[in-house]
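The values are calculated or read from the model by the stated rules, or taken from the named source; none is laboratory data. What you are looking at is a predicted structure, and each value in this text was computed from that prediction instead of being measured. Cβ: placed from backbone, ideal geometry, glycine included. Neighbour counts: every protein chain shown. SASA here: full protein model, heavy atoms, side chains in, ligands and nucleic acids out. Shrake-Rupley method; radii C 1.70, N 1.55, O 1.52, S 1.80 Å.
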Amino acid sequence: MNAYRGRGRGRGYSRGAKTNPPVTNMRSPQNPRLNTNQSISHDNNCCNGISIVLELDIDSGSFLNELKNMWNMLKKSPPVVNKLHQYFHLCENPYEQTIRIMYNCQEFNSAKSKSLPFFIIEEFKTWLGVNRNKVVHFLTPKLKIDVFKIITKQNAQNLTRLVVDVYEMAQDGAIFVDIIKCMIERKKYKEACQSAVLFNLQDKFSVEDFLLPLILQDKLYGIDEFLTVSPRHQVELVTLLDSTLGRTSVRDALASYVFNLDVPDIKWDKLHAKPLKKFITRLVKTFKLPSNITPNLNKRRNEGALQFLLHKRFIENSFGDESWKEMVQEAIGEDEELQRELVVQVCTFGAISEALWWAHFYNIDKQYWPYNVRMLEENPDEERLHQRNILPEEESWTNDELVEYHKFSLPFTSIHLIDSEDSFERFLDSGLQDVEIVGIDCEWKPNFGSQKNELALMQIASRKNVFILDIISIGTKVPHLWQELGKFLFNNCDILKLGFGFTSDILMIKHSLPELNFTPKQVGFLDLLSLWKLLEKYPKVVLPYEVQGSGPSLGTLVNQCLGRPLDKSDQFSNWEKRPLRNSQLVYAALDAFCLIEVYDVIRSCCEKAEFPFDETCYNLMTNEKGPKKKAKKPVQKKSKPPQDEEIAQPPSPHSNQVPAASIKVVCDTMLQGLGKNLRRCGIDTAILENDMDHMECVRYAQDEQRFILTRGNVFNKLYGYVPLGHCLRIISDNVDEQLKQFVDYFKVNVTVNDVFSVCQSCNGRSFIKVSRSTMLALTESQNSLRYVPPDYDHDIEEATGFSSDDDFDFEPGPPVQTTRKWDLYSDEKLDVGLCQTQRGAKIQVGMIPNSVLEKTDVFYVCEVCGKVYWDGSHLEKVLTGRLQGIVQ
């Protein structure tokens with residue numbers, strides 16, 4: 001609706017508009033009191049309808065010019081303040097005139113805290129502190145509405161808040177409901193949300209009015225402030241968002257809201273499960289909501305937790321048996337689908353007897369057992385045959401050499417569990433007498449849900465004893481003892497307190513035990529991680545043992561100092577379960593005690609290198625900068641080449657064209673988009689994840705004879721590790737140009753038969769040809785027997801195949817003739833009952849749209865990851881699109 005429709009000339013003024021002759025709005029002996037010439041709006045509820053004349057009259061305009069000149073010269077000073085206060089006294093309606101002169105300031109639209117509009121409203125607030133009772137009768141609801149409409153024309157939220165406060169708008173909040181609804185109709189969701197907060201009108205709006213649209217637009221600022229005072233909206237919003245996680249496609253679930261609410265500017269790239277899970281989790285933690293309102297989030301997190309635990313157990317081999325069983329039971333709980341999934345996954349890793357154990361433990365019906373587990377139950381001798389014939393071959397893929405770990409050098413009797421008030425008092429009386437150095441570490445149960453972690457143990461190690469404080473048992477029942485410990489140890493600068501990556505431990509301690517009341521930077525806390533990183537800059541300080549290819553972890557530092565790594569098999573344990581196992585006690589004690597051992601070795605190495613160890617530690621503990629280097633004498637500047645001088649690209653290793661199927665590459669972290677397109681071309685492509693180190697490219701190149709593709713200065717770092725021409729620096733930011741540079745440099749011959757011959761998800765080249773009837777049987781098997789979890793790595797919501805991701809109304813049409821260069825097998829060896837390939841991969845039948853399932857005769861299943869593809873229009877689109885000019 002047009003706010004100005006039907007209004008005469010001079011109505012609804014704005015700066016620069018033609019106006020009627022101005023009317024003086026000042027009081028003086030020569031100018032008796034005159035009423036303001038107001039222009040009444042016919043649409044008072046619309047955001048644009050303003051009944052105040054915004055154009056200044058001659059006297060007001062002259063005053064504003066004088067005020068601007070004084071402000072530019074004197075800023076906030078007594079003369080400027082006095083002039084402004086005198087003006088307020090002379091105004092007939094100070095409330096109206098104040099907003100008028102603010103609006104006519106040049107900085108109004110983007111006012112900062114030290115600008116003239118801010119100064120005017122702040123001084124008006126000061127003036128009202130004395131004169132409010134004389135002028136408050138001018139502050140009518142109609143004036144408040146007009147002032148709010150004017151102030152929303154600018155972008156400074158701090159100025160808006162101040163005006164709302166000065167004009168006492170929150171006391172009449174209900175009169176602004178229609179204005180906020182008008183904002184919603186005009187799709188100004190952020191302004192509507194902020195206004196609802198200003199006037200405490202949360203109960204007048206639903207989550208679909210502007211909270212959900214803001215999430216769809218990825219404009220999250222202001223949502224938390226709205227929710228803070230409205231528990232009802234907290235629960236409603238989290239419940240609504242959680243319901244979308246229960247759908248196969250999050251985008252499809254939210255698309256109905258987009259359509260019904262007609263929300264513009266949707267950030268579709270943000271509308272998938274991973275960011276949504278993070279957002280819901282943050283809301284649950286921030287507002288301490290019960291976990292039972294997010295059943296779908298809990299289910300997805302438990303699914304992810306199971307995959308994480310399986311990886312730690314069977315890939316990294318870093319799980320002790322008891323810790324593994326504890327954490328699996330914690331992650332799975334009573335979810336029967338995940339219990340069945342556990343048995344299948346454990347069997348997939350070749351641990352058939354363990355899969356059988358879990359099947360009995362959870363009393364799973366035999367119809368859900370994998371074939372190998374059923375055979376083992378019927379014929380136990382099969383397990384011995386499996387161990388004799390198959391297991392050695394599987395073990396050859398991993399390095400199972402026995403690792404000799406660093407051991408706890410003190411006797412077990414030196415470990416003291418403090419789990420009662422009496423033992424706590426004995427510890428304080430005699431445990432730390434004559435101690436000058438301690439190692440401190442903490443343990444808490446890994447939490448895969450949305451609840452905050454809680455401190456379970458705190459270990460304090462001296463040179464002769466380790467004291468394990470059981471926070472679960474003691475808790476905050478004895479605040480006086482915690483205060484005494486804080487005074488004796490944590491606030492005692494005479495005792496050096498060692499830690500590794502201290503930040504998380506200290507935050508957890510201060511959150512769980514506020515009675516300790518300490519400040520780390522003032523009372524002798526030394527972070528060995530910071531010390532280690534600092535020493536890396538001084539090559540003269542050399543630790544006794546050299547360890548290759550490990551990150552900055554405590555285990556690596558112990559290995560470099562003491563010659564053996566730490567055994568982390570009990571790290572992921574249920575530290576809240578009581579009683580604690582002996583292996584947990586030893587692990588916890590060693591984590592704290594090894595800090596003292598490492599400190600002694602580092603000190604000795606620094607003394608040998610004549611490094612100022614004590615001074616450096618003091619600077620780290622007090623957060624002061626290290627000793628400054630001596631200033632060099634000034635010399636005449638000379639032009640020098642840049643430090644990271646670009647190294648010329650060596651010539652290609654190929655003189656003739658090579659087939660695409662014969663070349664293998666690894667793409668660095670910044671070239672993931674290129675890597676996906678190389679897979680489309682049928683090229684064997686390994687792609688580094690975002691959290692992987694660039695040096696992983698070298699490992700791939702050396703172990704699997706791959707060419708390295710990287711960018712920028714990383715090329716200077718990597719090219720020397722491989723033969724000349726085996727590392728290519730990609731120049732362009734455009735994926736199409738990157739692809740062309742790769743093909744031209746390595747002289748790759750990409751044919752139609754190469755396109756889509758490699759799995760886009762896992763890089764596999766082995767596929768199973770599946771008929772529609774078999775696929776329908778697989779679909780029925782999945783729906784009736786067992787749960788197939790989604791792709792945890794990428795949260796893919798739809799199947800991506802040879803056909804278009806978006807073309808769900810699929811009609812085959814005349815396909816491009818192609819004989820792909822892949823390994824294609826028949827579907828005879830598929831396990832229809834378990835819906836998996838011969839290699840144990842779950843077939844992702846749930847990702848196939850029904851329209852495709854009904855119209856497609858042949859499907860192709862990746863034998864490695866179970867992803868499903870089908871022929872369609874996508875191949876032709878790719879050949880005539882991105883791969884045009886690439887495919888020969």
Q) log₁₀ I(q)/I(0) of segment 450-544 at q = 0.18 Å⁻¹, via Debye over equal Cα point scatterers, no solvent, to two decimals? A) -0.92
Q) Under a 5 Å amide H to amide H cut-off, with H placed in plane at 1.01 Å, what residues pair with V748 once short-range neighbours are removed? A) V658
Q. For K676 and R564 in the same chain, what is the full-extension length gain: residue separation times 0.36 nm, less their Cα-Cα distance, in nm?
A. 36.3 nm
(Q) Starting from the 7 Å offset along Cα-to-Cβ, what nm value, one decimal, do you get for the label separation of Y371 and E404? (A) 4.5
**Q.** Extended-chain gain in nm, criterion 0.36 nm per residue less alpha-carbon gap, E737 and A255
**A.** 170.1 nm
Q: Might you tell me the accessible area per residue for segment 399-517, computed with a 1.4 Å probe and given in Å²?
A: 50
(Q) With just the Cα atoms defining each centre, how far is segment 219-243 from segment 675-709? Give it in Å. (A) 42
Q: May I ask you to evaluate 6.51 cos²θ - 1.76 cosθ + 1.60, the Karplus curve with θ = phi - 60°, for each residue of segment 584-593 and list the ³J(HN,Hα) values in order in whole Hz, giving x for glycine and proline?
A: 5, 4, 5, 4, 5, 5, 5, 4, 8, 5
Q) Ordered by residue, what ³J(HN,Hα) values in Hz, to whole numbers, does segment 294-300 give under the Karplus form 6.51 cos²θ - 1.76 cosθ + 1.60, where θ = phi - 60° and Gly and Pro are x? A) 10, x, 6, 4, 4, 5, 5
Q | Global form of segment 37-194, assessed from the alpha-carbon gyration tensor, a/c cut-off 1.5 | A | prolate
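Which shape class, rounded, prolate or oblate, goes with segment 139-196 when its Cα gyration tensor gives a ≥ b ≥ c as root eigenvalues, a/c under 1.5 marks rounded, and past that a/b bigger than b/c marks prolate? Before the final figure, lay out each step's value.
On the way: a/c = 1.85, a/b = 1.26, b/c = 1.47.
It comes out oblate by the Cα gyration axes.
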Q) How large is ³J(HN,Hα) for each residue in segment 234-244, as worked out from phi by the Karplus curve 6.51 cos²θ - 1.76 cosθ + 1.60 (θ = phi - 60°), to whole Hz, x for Gly and Pro? A) 4, 5, 5, 5, 5, 5, 5, 5, 5, 4, 5
Q) How compact and how long is segment 181-314, expressed as Rg and Dmax of its alpha-carbon atoms in Å? A) 15.8, 58
(Q) Taking the Cα centroid of segment 840-857 and of segment 289-346, what is the distance between the two, rounded to the nearest whole Å? (A) 27
Q) Too long at a 21 Å Cα-Cα cut-off: which of K125/K187; K747/K867; K76/K134; K149/K204; K144/K181? A) K125/K187; K747/K867; K76/K134
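Which trypsin sites (Lys or Arg not before Pro) from segment 451-539 combine a DSSP loop assignment with at most 16 other Cβ atoms within 10 Å?
On the way: sites: K452, R463, K464, K477, K487, K497, K510, K521, K533, K537; in loops: K452, R463, K464, K477, K537.
Listed in order of number, the matching sites are K452, R463, K464, K477, K537.
Trypsin sites (Lys or Arg not before Pro), restricted to segment 249-314: which are DSSP loop and have at most 16 other Cβ atoms within 10 Å?
Working: sites: R251, K267, K270, K277, K278, R282, K285, K288, K299, R300, R301, K312, R313; in loops: K267, K288.
The qualifying sites are K267, K288.
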Q: At most 14 other Cβ atoms within 10 Å and a DSSP loop assignment: could you name the GluC sites (Glu not before Pro) in segment 666-736 that fit?
A: E689
Q: Determine the distance separating the Cα centre of segment 529-585 from the Cα centre of segment 93-131; give it in Å without decimals.
A: 61
Q. Under the classification rounded if a/c is under 1.5, otherwise prolate if a/b is larger than b/c and oblate if not, where does segment 499-631 fall, given a ≥ b ≥ c as square roots of the Cα gyration tensor eigenvalues?
A. oblate
